[in-house]
Amino acid sequence: MRLALYLLACLAGVALALLGDEPPIGLALAAVILYPLGASFVAAGERDDRPAPPVRLGAAVLAGAAGMLLVVFLVRLAIAAPDWVDPLSADCGGPSTGAQQLATWFATIAFLFAAVPEAVTLAGLGGRLSGSRALSQLPVTLGLYPAAVALAGIALIVAQLATSC
């Protein structure tokens, strides 16, 4: 039952992230804030020398929904980024279309890399809930989360600077 609720929360995160033509900024901001809270509650008390404590269902559901929101938002940004090239920007003194394409492809790759730590953490959390030995060995940690957020932010800044006058 615990795993079913977690998977339902993950599915709800995916459904919310897929709403509309553009990701809702309010949901994205909520996910950026709520995911580390849920994951930190799950990871609390873990140490290398002790077995993992039982996972708190509320924290797992929060981390699952918010984490899936983040992963799907990042994948949506990665898919959309190559289309951000603006040929008119080059006409008004902005970067050439080649430079814009380079920047938007950097953004695509950066968004995909930024989604990996969240996806690994969510898989590890699901493994702990289901009792799967292979998945429960994956880390439930926020160690790479700040780097992932910074990488996604840098990708957005670079793409915005490259595609505007």
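The values are calculated or read from the model by the stated rules, or taken from the named source; none is laboratory data. Keep in mind that what you see is a predicted model, and the values were worked out from it rather than measured. Virtual Cβ from ideal backbone geometry, glycine too; neighbours counted across all protein chains shown. When the accessible area is computed, the model is the full protein with side chains, heavy atoms only, and any ligands, DNA or RNA have been set aside. Shrake-Rupley method; radii C 1.70, N 1.55, O 1.52, S 1.80 Å.
Span-like helix check, the chain: qualifying full DSSP H segments, with Cα axial length of 24 Å or more and mean Kyte-Doolittle of -1.0 or more, are 25-43, 57-80, 97-130, 145-162. Summed over the residues of region 1-155 and divided among them, the accessible surface reaches 53 Å² per residue at a probe radius of 1.4 Å. Rounded to the nearest 10 square angstrom, residue 19 shows an accessible area of 90 square angstrom against a 1.4 Å probe.
Placing unit charges on the Cβ atoms only, positive for Lys and Arg and negative for Asp and Glu, gives the chain a dipole magnitude near 760 debye about its Cα centre. Kirkwood hydrodynamic radius of the chain from all distinct Cα pairs, in Å? Mean inverse Cα-Cα distance, inverted, gives 16.8 Å. Computed on protein heavy atoms with a 1.4 Å probe, the accessible areas place 91, 21, 86 in the order 21, 91, 86, largest first. Largest mean-square fluctuation among 90, 63, 155, in a Gaussian network model of the chain whose springs join Cα atoms under 10 Å apart, belongs to 90.
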